[in-house]
């Protein structure tokens, strides 16, 4: 029942927005965040891509697109968005930080793949991959 309520509410929001253009960037960003928070990433992406077309130098739009792409496993697209953030404002730490987290996430995935592929042929490297992966996880979680 709860899922039906969310779907119905989302349909009302989308259909209501189709008839009139949003008046401000804040309203569009709020709607994109609404979809993002409900894991409706394609809807959030659609809104943000439209905003990016009209405001290609907006840091927050690129940052949020990067977050969507990480959540949906589109790592090259996420990297591109975070790099754009860094180009737009190299002093803002969020782009640097999220790009770093993305790289750690990629390193974890590579170490898992390496461990699986080498487990039978080289036990020493397999253990090193496990230690590397555990160290990377500890570095980003503190646990």
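Where a number appears in this text, it was derived from the coordinates with a stated rule and is not lab data. Quick caveat, the model's predicted, so the values are computed rather than measured. Neighbour counts are summed over all protein chains in view; Cβ atoms, including those assigned to glycine, are modelled from backbone coordinates with ideal geometry.
Brief remarks on what is shown
- Length gained when the stretch residue 39-residue 71 is fully extended (0.36 nm per residue, less Cα-Cα span): 10.6 nm
- Added length on full extension, which subtracts the Cα-Cα distance from 0.36 nm per residue, residue 80 to residue 53: 8.2 nm
- Among 34, 62, sorting on how many other beta-carbon atoms sit within 10 Å of each Cβ, with the fewest leading, yields 34, 62.
- Global form of region 39-84, assessed from the alpha-carbon gyration tensor, a/c cut-off 1.5: oblate
- Region 97-143: relative contact order as a whole-number percent, Cα under 8 Å and 6+ apart: 37
- Förster radius 41 Å - calculated FRET efficiency between residue 112 and residue 25, Cβ distance, rounded to 0.05: 0.55
- Gyration tensor over the Cα atoms of region 53-143: the corresponding equivalent ellipsoid has semi-axes (square roots of 5 times the eigenvalues, largest first) of 33, 13, 9 Å.
- Over all pairs of different C-alpha atoms, region 98-140 has a mean inverse distance whose reciprocal, the Kirkwood radius, equals 10.4 Å.
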